[in-house]
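Everything below concerns the one structure shown next.
The values are calculated or read from the model by the stated rules, or taken from the named source; none is laboratory data. Not measured: the values here are computed from a predicted model. Positions of Cβ are generated from backbone atoms using ideal geometry, with glycine treated the same way; all protein chains shown enter the neighbour counts. SASA here: full protein model, heavy atoms, side chains in, ligands and nucleic acids out. Shrake-Rupley method; radii C 1.70, N 1.55, O 1.52, S 1.80 Å.
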Amino acid sequence: RLADIEWSLKTLSERYAQVVWAPGNHELWTVPKDPVQLRGEARYRRLVEVCRGLGVHTPEDPYPVWSGPGGPVVVAPLFVLYDYTFRTSTAATKEQSLAQAYDAGVVCTDEMLLHPDPYPTRDAWCRARVAETERRLAAVDPELPTVLVNHFPLVRHPTDVLRYPEFAQWCGTELTADWHTRFRAAAVVYGHLHIPRTTYYNGVRFVEVSIGYPREWRNNPRHPGKVARQILPAPS
């Protein structure tokens, strides 16, 4: 619910010098018990207003520059969604991919609660977000590296370890596959998969920072066991 999101962001803002928000799929859900029944783009824009009222950076604001240790670096919160292109090798189309997921009983709740209004589909909304985000990233000072922060992984490789490969289609888009090299990423930060770890692609560090659920902490001996993850300077 929107009130829960606002409470969370306010709580974090009181504990950290600066909060940067990259929206995930849950914030965009329109659930029946939420008094705020805004959908899709309208809900996202309301969340941007909430963030700005709390002094939280959003994907719609000028990207802040980290000037501390490891800087200067442009910190770019992104919102690009997914477009069903992270399909299994046996699905040639979005329709086939969705049919596989329903047959396997592995369907993201987004299909019921994440509405793309006014776009006709979530993948259409994704393509619009990708185009706008590319434009903004291309305008960043080419002398500065970036930290790209997105809820969904920008490359497909992290989804290879999913227990249910059908779920990958709700995890990103092939359209961002080269952003970490095109836009000089010193690091890429993402979540969504609930598999916290650090991997490297094309020499760029990708850090999965999901907190996850308590049951996941107990069942994963490799869980880092702490909330805060150091991005810059890069830990040894």
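Please find, within the range 141-165, the residue that is surrounded by the most Cβ atoms within 10 Å (Cβ to Cβ) out of those that are free of Cβ contacts under 8 Å to residues at least 12 places away in the same chain and closer than 23 Å to Glu111 by Cβ.
Going through the qualifying residues, I end up with Asp160.
Identify, from the list Trp7, Trp29, the residue that is surrounded by 14 or more Cβ atoms within 10 Å (Cβ to Cβ) and of a type in the set (Phe, Trp, Tyr).
Values: Trp7 fails: surrounded by 14 or more Cβ atoms within 10 Å (Cβ to Cβ).
Result of the check over Trp7, Trp29: Trp29.
Residue by residue through the range 22-40, note down the ones that are out of contact with any Leu (no Cβ under 7 Å at 6 or more places or on another chain) and over 23 Å from Val75 (Cα atoms). Walk me through how you get there before you give the answer.
Initial filter on the range 22-40 (out of contact with any Leu (no Cβ under 7 Å at 6 or more places or on another chain)): 24, 26, 32-33, 35, 37-40.
Selection gives Pro32, Lys33, Pro35, Gln37, Leu38, Arg39, Gly40.
Mind checking which residues of the range 115-128 are open to solvent by less than 60 Å² (accessible area, probe 1.4 Å) and part of a helix (DSSP H, G or I)? Can you show your working first?
Residues of the range 115-128 open to solvent by less than 60 Å² (accessible area, probe 1.4 Å): 115-117, 121-126, 128.
Scanning the range 115-128 gives Arg122, Asp123, Ala124, Trp125, Cys126, Ala128.
Looking only at the range 35-90, count how many residues are in contact (Cβ under 8 Å) with a residue 60 or more places away in the chain, closer than 18 Å to Phe183 by Cα and open to solvent by 50 Å² or more (accessible area, probe 1.4 Å).
Qualifying residue count, the range 35-90: 3.
Could you check Ile195 against (1) in contact with a Pro (Cβ under 9 Å, 6 or more places away or on another chain); (2) closer than 16 Å to Asp83 by Cα and say which number it fails?
Of the numbered conditions (1) in contact with a Pro (Cβ under 9 Å, 6 or more places away or on another chain); (2) closer than 16 Å to Asp83 by Cα, the odd one out for Ile195 is (2).
Only one of these is under 20 Å from Ala22 (Cα atoms) and among the acidic types (Asp, Glu): Glu143, Glu208, Glu166, Glu216. Name it.
Details: Glu143 fails: under 20 Å from Ala22 (Cα atoms); Glu166 fails: under 20 Å from Ala22 (Cα atoms); Glu216 fails: under 20 Å from Ala22 (Cα atoms).
None of the other options fit; the residue is Glu208.
Might you check whether a residue that is in contact (Cβ under 8 Å) with a residue 60 or more places away in the chain, charged (D, E, K, R) and either open to solvent by 30 Å² or more (accessible area, probe 1.4 Å) or assigned to a loop (DSSP other than H, G, I, E, B) (or both) occurs anywhere in the range 93-114? First the steps, then the outcome.
Quick first cut of the range 93-114, residues in contact (Cβ under 8 Å) with a residue 60 or more places away in the chain only: 94, 97-98, 100-101, 104, 106, 108-110, 113-114.
Add one more test, that the residue is charged (D, E, K, R), and what stays is 94, 110.
Filter once more, so that each one left must be either open to solvent by 30 Å² or more (accessible area, probe 1.4 Å) or assigned to a loop (DSSP other than H, G, I, E, B) (or both): 94.
Checking the range 93-114: at least one residue is in contact (Cβ under 8 Å) with a residue 60 or more places away in the chain, charged (D, E, K, R) and either open to solvent by 30 Å² or more (accessible area, probe 1.4 Å) or assigned to a loop (DSSP other than H, G, I, E, B) (or both).
Okay, residues lined up against (1) over 16 Å from the mean Cα position of the chain (by Cα); (2) part of a loop (DSSP other than H, G, I, E, B):
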site: Lys10; (1), (2): yes, no
site: Gln37; (1), (2): yes, yes
site: Tyr44; (1), (2): no, no
site: Val48; (1), (2): no, no
site: Pro59; (1), (2): no, yes
site: Pro62; (1), (2): yes, yes
site: Tyr82; (1), (2): no, yes
